[in-house]
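These notes are about the structure you will find just below.
The values are calculated or read from the model by the stated rules, or taken from the named source; none is laboratory data. This is a predicted model, so every value here is computed, not measured. Counting neighbours? That spans all protein chains shown, and the Cβs are built from the backbone with ideal geometry, glycine included.
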DNA sequence: ATGGATGCAAATGATTTGCAGAATG
DNA sequence: CATTCTGCAAATCATTTGCATCCAT
């Protein structure tokens, strides 16, 4: 199962850094990995609190930083809203089409673009690690309304 | 001259919205258009203040919002730093290679990627307006140091 | 003259940090 | 046991807003 891999990767990272495992850390990881994607710190806080009402908000952020560092999560910051966190590990990388009207996120992937990005980086003596492609515009429903 | 075009576009927008032209607005636009790119609100504030020490910080933000709305500027939010503003109008669109070690921004452009993005959007019944592509990794200087 | 624009200071909102006690390896 | 982690509250930091006044049209 894929979630198991992600857990392993996270705990391997934790151990390598000389850090410890905790109940809270485990719960936050679980909620994050079970999220559809694009989850906020607040949303994680609410979900974890439902299971363990004693958890503090700061703990969410501290562990989110760890998810980022371990490469499991990626930040998405758009406009003035709060930062969203997306899974990097379990799922295949994808790009986003973002509707300027209704805010809808459409996940897409194009192998040719992926390949050209590698090439583009290489041509610039750059070793790519990850990337983010966001295309802003209007989705089908909103295309006539703006 | 290209800067002149950008100015026209901005003031056309202002007028269309029933807004007014002011000394401050003019100065902020000037500083923004003269910036190399990736400028922050603070940096604009400092530069404008050098010419007009009475200007307030809030005015920078209020006018930056206008630059965004008029389509002249684009926001770039990375990590925990402050938002950077980049010119959209005068210069050709470009993507970024961002070094995870030294923070260097390399501007790149690939026609094929641009074209494939159009196609990708179209296939999803999506009308693209603008996009943002950021590739994170290690630049030539840092590639051996991490 | 009229309503948008500005400067200032205070407010906001998200994220971070200091600290003392709790828990892990 | 030594250290990391946690919850809490206070602190930060960037950005936004309320308000009285100013100024462009």
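Tabulated data
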read-out	value
Of residues in the stretch A:104-124 being touching a strand residue (DSSP E or B) at 6+ places or on another chain (Cβ under 9 Å) and within 7 Å of chain B (Cβ to nearest Cβ), the one farthest from residue A:72 (Cα to Cα)	A:124
Of all residues making up the stretch B:40-55, the number that are in contact with a helix residue (DSSP H, G or I) (Cβ under 7 Å, 6 or more places away or on another chain) and in contact (Cβ under 8 Å) with a residue 24 or more places away in the chain	6
Pick from the stretch B:9-22, criterion within 12 Å of DNA strand D (Cβ to nearest atom) and closer than 17 Å to residue B:61 by Cβ, ranking: farthest from the other protein chains (Cβ to nearest Cβ)	B:22
Among the residues listed as B:133, B:120, the single one being assigned to a helix (DSSP H, G or I), modelled with pLDDT of 85 or more and closer than 30 Å to residue A:82 by Cβ	B:120
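The rows are residues; the columns are (1) within 17 Å of the chain's Cα centre (by Cα); (2) without any contact (Cβ under 8 Å) to a residue 12 or more places away in the chain; (3) closer than 30 Å to residue B:119 by Cβ.
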{"site": "A:69", "(1), (2), (3)": "yes, no, no"}
{"site": "A:115", "(1), (2), (3)": "no, yes, yes"}
{"site": "A:122", "(1), (2), (3)": "no, yes, yes"}
{"site": "A:137", "(1), (2), (3)": "no, no, yes"}
{"site": "A:141", "(1), (2), (3)": "no, no, yes"}
